[in-house]
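Okay, structure first, notes after.
We did not get these values from a lab; they are worked out from the coordinates using the rules stated. Because the structure is a prediction, the values reported are computed rather than measured.
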Amino acid sequence: MRTFFILIFILGFGNTYSQKTKTENDSIVWTKLSCENGKKAAKIDFKNGIYNCFSYGLIFETNPSLSKFIDEYREKKYGIITRNAGCVITDYSKCYSKTMRKLVLKKFGSDIFERSRVEAEKLYSEKD
């Protein structure tokens, strides 16, 4: 009987310890994925010439090959990387994208996405 109580005590203690460790690790992850860190990362990337302009959610493309051409053109000519980053939007990703977009528009002009799309479409139609 004494062995049974010791075993229950050890298992209970181990379970409590593992839950505490998991919570601490989870809070570290969420701290890294904070809005403030997203803004900082965007500013650092921008300063280093990395212009990641991600979109989120489900995208329906009527002409996938044209969309790919536009993305590649924009990246080659302006260094702006436009990709879909999936459906999961965190505070980090939202703040990163908002900050990066603001910086990119300031650097290249408020019409950069429309302008580069039109340029790419013209080249795409000429290549056929």
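Below 8 Å, C-alpha to C-alpha, sequence gap of six or more: please give me the relative contact order for the range 35-127 in percent. That works out to 42 percent.
Taking a ≥ b ≥ c as the square roots of the Cα gyration tensor eigenvalues, with a/c under 1.5 meaning rounded and otherwise prolate when a/b beats b/c, else oblate, which class fits the range 35-127? It is oblate, given that a/c is not under 1.5 and a/b is not larger than b/c. With 0.36 nm allotted per residue and the present C-alpha distance subtracted, the Glu126-Lys94 stretch has 7.9 nm of extension available.
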